[in-house]
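Reviewing the structure listed below.
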Amino acid sequence: MTTLIDDRRVRARDASPARYFYLHMALACAATAFLGFAPTYWVPLAHRTFSASPVIHFHGFLFFTWTLYFVLQTWLAASGRVVNHRSLGIAGVSLATAMTIFGFLASVHVMQQSAALGQKAAGIAFSIVPMSGIAFFAAVFVLAITNTRRPEIHKRLMLLAAVSLLDAAVARWFLTFLAPPGPPGPPPVPVTIAPAVVASLLLVVAMVRDWRAEGRVHPVYIFGTLALLAVKVLNWPISETAAWHSFAGGILALAQ
């Protein structure tokens, strides 16, 4: 009985309102992902008007599953169910690994589609956006896993990893409501910068919370956000280099 009472006290302490901040952020990430892809994927899929390769469908399934997994894990942590949270950690490692693999395969598939449309160079240039994005996610996720015993770092890295995936969802809003109609094919790399900046506003919210709750912004948010934005901005000049076209073009040649 004493053990049960102590366990309830631990849960009550860990379930303080401040701990639910990361659950709310995870829900915001999931909502952004779902609403972002609604006009170009979920609604057409529901109406059976969306046609794509199985690679694209499985890629979408894995990435949306990640947002739900992130919500579940933050809820377990916020409610004090740390043992359950850690038990599901291995599932997250497996899911992130599959996401990295299928993120790369989806990037190659987009290059193949662009080549079929006669836009091979544009497809190779644009491939840096999804490839660098999944590489950034994988690197941050590995850092988060290696810092599981340092929860203040771990939870911030996990949020950074989740936000790093949202630029594609936000970009769908730009394409649906702001972009003029144009020929099929990959968009220019520079137009991907603005959606990344908008998605990063979630990290600004986390920084404000840090400042108000702890009097300072955690270095993970500062350096992580700067690194994320640097990757998105540098995609543009790097995508135009001969080195990138040689690298990505070689991958495309192997896939064909």
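Some observations on this one:
- Rolling a 1.4 Å probe over the protein chains gives M131 an accessible area of about 20 Å².
- Angle of helix 21-37 to the longest C-alpha principal axis of the chain, folded into 0 to 90 degrees and rounded to 10: 20°.
- Each residue, Q256 and A139, gets one label point 7 Å from its Cα in the Cβ direction; the gap between the two is 3.0 nm.
- Using a probe of 1.4 angstrom and keeping all protein chains present, the accessible surface of region 80-171 works out to 43 square angstrom per residue.
- Per-residue HN-Hα couplings for region 121-138 [Karplus 6.51, -1.76, 1.60; θ = phi - 60°; Hz; x = Gly/Pro]: 5, 5, x, 5, 4, 5, 4, 5, 5, x, 5, 5, x, 6, 5, 5, 4, 4
- Overall form of the chain per C-alpha gyration tensor (a/c, 1.5; a/b vs b/c): prolate
- Calculated FRET efficiency for the pair F247/R86, C-beta based, R₀ 30 Å, to 0.05: 0.20
- Angle between the chain longest axis and helix 151-164 axis [Cα atoms, degrees, rounded to 10]: 30
- Springs join every pair of Cα atoms under 10 Å in this Gaussian network model of the chain, and among A96, A161, A243 the largest mean-square fluctuation is at A243.
- Here region 62-76 and region 208-227 have alpha carbon centers that stand 23 Å from each other.
- The label point for L229 and the one for S51, both projected 7 Å from the Cα toward the Cβ, are 4.3 nm apart.
- The angle between the Cα long axis of helix 201-214 and the main principal axis of the chain comes to about 20°, on a 0 to 90 degree scale.
- Here the accessible area of region 95-150 is 69 percent carbon and sulfur, with a 1.4 angstrom probe and all protein chains present.
- With a 1.4 Å probe rolled over the protein heavy atoms of all chains, the accessible area of W211, W244 falls in the order W211, W244, largest first.
The values are calculated or read from the model by the stated rules, or taken from the named source; none is laboratory data. Just so it is clear, the structure is predicted and the values come from calculations on it, not from any experiment. Backbone-built Cβ (ideal geometry, glycine too); neighbour counts: all protein chains shown. Accessible surface is based on the protein model in full, side chains and every heavy atom, while ligands, DNA and RNA are left aside. Shrake-Rupley method; radii C 1.70, N 1.55, O 1.52, S 1.80 Å.
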